[in-house]
Structures are given as structure tokens and as C-alpha cells.
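Single-structure report; data block below.
The values are calculated or read from the model by the stated rules, or taken from the named source; none is laboratory data. None of the values given here were measured: they were computed from a predicted structure. All Cβ positions, glycine included, derive from the backbone under ideal geometry; neighbour counts span all protein chains shown. We work out accessible area using only protein heavy atoms, side chains counted, and drop any ligands, DNA or RNA first. Shrake-Rupley method; radii C 1.70, N 1.55, O 1.52, S 1.80 Å.
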Amino acid sequence: MSVAILPFLTFAASQVGTPGPANMVLLTTGARFGLRRALPFVAGVALGKQLIIWPLGLGLMAIQDDYPLAFEVLKWVSVAYILYLAYRVAGMTLKVGDGPDTPPGFLAGLIVHPLNPKAWGMITTGFTVYVSAGTPPLQATATIAICLLGLQILLHPIWTFAGQTIAAGLAGKPGEKYLMWTLAALTVASVIYALFAGGAS
């Protein structure tokens, strides 16, 4: 009765560290505002996954079988939100660190994962594949929560800093608009993959 921690960490790192809606948003935010200004947003994104982990681990998975329509509606609301973010990304310009806009804050980051279909898929997989039958729900949930938070604290700033680094080389240059279009397209592609191939972020 336990959680297979090392296999789960390997699986989770492969998901948290690879492209997906949340990481595309972090990359874009870093490109637009720089890592330092984006840190409250990054913290919100990291902690936002906890808003999925605990309800799922403590019983929401069982409720899903009774109310499938509610979860279907949630999925498509999530998709619409991520596509809206992609639309916003496509029209952005890069002014790292000194843009006139206010960077997204902690609360904006907090809702990224709850509205991210890939995050739901990854966490559901964590509970159904890496938790032994009979494991106390609190133990399983706390273990998965701690593992994922640690990975996010490590990897989310890397994605944000990568955006800042890319922007530093492209801001104001002809390649700028193509970068933003590419990021928007990757965001859309990651959502399509999550819906039809079961990916995670």
C-alpha cells in the first residue's frame, strides 16, 4: 500500500518538463516580461496544480463516474481558455522587462492548471497507475502533491527564463512575430494532443 515514487517522478518529470499549455504560457510570459517580473505568476502556476491534486486524490475521481457531463463541460471550458491564451500570445510583442503592460500575477497563474486539460490527465494517470490499491487517500495525495510541487518549483522557472532568453535575441526583429505565432501554434497543438492522445504537462 504505497505510491511508486521513483517511477512516478520519472513520469511526472517527463510531463512537467516538456511542452504543454502551461509551459507555453510560462515561456510566453517570460518572453514578454522576464523571469523576475513573472515570478508571482510562476508561483501561482506551480501552486495551482494543487487545486487539482487534492480534490482528485480525496474523492473527485469517484464523483466523475456519477457526473460525466459536468466533467465534459469542464474539459471544453478548459480548452476554450487555453485557446484564448493562444490567441493572445499570437498578437504579443516582445519588450522584455520594461513593457508598459502589467505582468500577470499570482491569481492569474493559479487558474492555469485547473483550466489545463493536460494537467488533469497527468494527475489522473498518477493516481490510477502509480498508487497501489489500498493506499490511504491522504498518503497517496500528499505524496503526489509533494512530488509535483518539487518538480514545478524546479522546472517552471526554467521555462520562464527560456522565454526571456529567446526574447532577448528576437525583440524588435523580423523573427519576433514568427516566434509568437509559433508559440501560439504550439499551445494549440498541445491542447489537441492532450484531448486526443492523453498527454500531460
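Things worth noting here:
- Members of segment 22-49 that are in contact with a Leu (Cβ under 7 Å, 6 or more places away or on another chain), open to solvent by less than 40 Å² (accessible area, probe 1.4 Å) and closer than 16 Å to Ala108 by Cα: Met24, Val25, Leu27, Thr28, Arg32, Val42, Gly44, Val45, Ala46, Gly48, Lys49
- One residue stands out among those in segment 166-176 that are without any contact (Cβ under 8 Å) to a residue 12 or more places away in the chain and not in a loop (DSSP other than H, G, I, E, B): the one that is nearest to Ala90 (Cα to Cα), which is Gly175.
- Some residue of segment 130-137 being assigned to a helix (DSSP H, G or I) and modelled with pLDDT of 80 or more: yes
- In segment 144-187, residue farthest from Phe41 (Cα to Cα) [restricted to those that are β-branched (Val, Ile, Thr) and open to solvent by 30 Å² or more (accessible area, probe 1.4 Å)]: Thr182
- Within segment 101-138, tally of residues that are open to solvent by 30 Å² or more (accessible area, probe 1.4 Å), farther than 21 Å from Leu47 by Cβ and not aliphatic (A, V, I, L, M): 6
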